[in-house]
Structures are given as structure tokens and as C-alpha cells.
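Trainee: For reference, the structure I am asking about is given below.
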Amino acid sequence: MSRFRAVFPEDRTDINLSPMLDVIFIMLIFFIVVASFIKEEGIPITLPPGTGTEAKVEAITVRIESAGVFSVNGRVMSSNSVGPYVQALHGENPDAPFTVMAVDDAPIRDTVVAVEAGHRIGFSPVAIVPLEP
């Protein structure tokens with residue numbers, strides 16, 4: 001008998017991972033069940049008065065009437081004043097949404113003026129809502 005013998009493919013043994021996967025699966029179930037019973041407590045805090053009420057955000061709305069009359073949040077103005085006034089309103093309240101409301105027969109140039117004002121303050125798709133006459 002020789003000291004070294006050849007290893008044939010039928011002599012090799014395979015490692016069976018099924019029992020190890022069963023153990024890992026049982027441990028996973030155990031940790032999930034145990035974690036559901038753990039009650040975590042937070043640090044108690046006291047908030048200063050008045051922080052629970054949030055300020056109501058007023059939307060920036062540009063209305064375009066059929067005669068080319070603009071009104072921004074109820075203030076009537078010319079087409080040249082719409083852009084700077086919308087930028088001023090956005091500077092006061094940067095979280096305010098922007099909407100353009102136009103009647104069906106409003107001139108396209110007036111709608112473009114209002115949409116450009118929205119683009120200048122950072123609204124990429126500007127919502128255009130039809131306005132009932």
C-alpha cells in the first residue's frame with residue numbers, strides 16, 4: 001500500500017448546507033419574534049408653546065381674464081408687473097404652490113407671460129387650470 005493514493009471523483013464528499021440554512025432560518029424567526037416584544041422608549045421632550053400650529057401657506061395664483069386682465073392673488077395688474085410681483089410673493093413664501101388660471105379665450109401671449117413668471121421662480125411644469133367665465 002502506498003503512502004499517497006489517488007483521489008477519484010467518487011471518493012470526494014459534498015458539503016450539505018441544508019442543516020446550516022435550517023439553523024439560520026430558525027435563528028431569524030427567533031430574533032424577529034423577540035424584537036416584536038421589545039418596547040423602545042423615547043426621550044420625553046417638551047415643545048415650546050405655539051409650535052403645534054402651522055402657518056397656512058397661501059398659493060400664488062395668476063388669473064387671466066378674457067380681456068387680458070391679470071390678477072395675482074386678487075390684485076389686478078398689468079402684464080409687465082406679473083413677473084416681479086410673483087417673484088416678490090415667492091420670496092416672502094418659498095413653499096407656496098404656483099397656479100395659472102385662464103379663461104378659454106385668453107390670448108396665448110398672456111398665458112405665456114404667466115407661465116414664464118412661474119418658470120422664473122423655479123416651477124418647471126406650471127399647472128394651468130381652466131377658469132370659468
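The values are calculated or read from the model by the stated rules, or taken from the named source; none is laboratory data. Since the model is a prediction, treat every value here as computed from it, not as a measurement. Quick reminder, even Gly has a Cβ in these numbers, built from the backbone with ideal geometry, and neighbours come from all protein chains shown.
Trainee: Here's a check for you: in region 100-123, which residue that is of a type in the set (Asp, Glu) and in a helix (DSSP H, G or I) is nearest to Ser79 (Cα to Cα)?
Mentor: The qualifying residue nearest to Ser79 (Cα to Cα) is Asp110.
Trainee: Can you name the number of the only condition in (1) aliphatic (A, V, I, L, M); (2) in a loop (DSSP other than H, G, I, E, B); (3) touching a Ser or Thr at 6+ places or on another chain (Cβ under 8 Å) that Ile128 fails?
Mentor: Result: Ile128 fails condition (2) only.
Trainee: Output the number of residues of region 86-131 satisfying the condition of being closer than 16 Å to Gly68 by Cβ and not hydrophobic (A, V, I, L, M, F, W, C).
Mentor: So the count comes out to 7.
Trainee: Go over the candidates Ile64, Ile45 one by one and state the one that is modelled with pLDDT under 85 and of a type in the set (A, V, I, L, M). Walk me through it before giving the result.
Mentor: On the way: Ile64 fails: modelled with pLDDT under 85.
Answer to the check: Ile45.
Trainee: Which of the residues belonging to region 48-61 are under 30 Å from Leu131 (Cα atoms) and modelled with pLDDT of 75 or more?
Mentor: Glu58, Ala59, Ile60, Thr61
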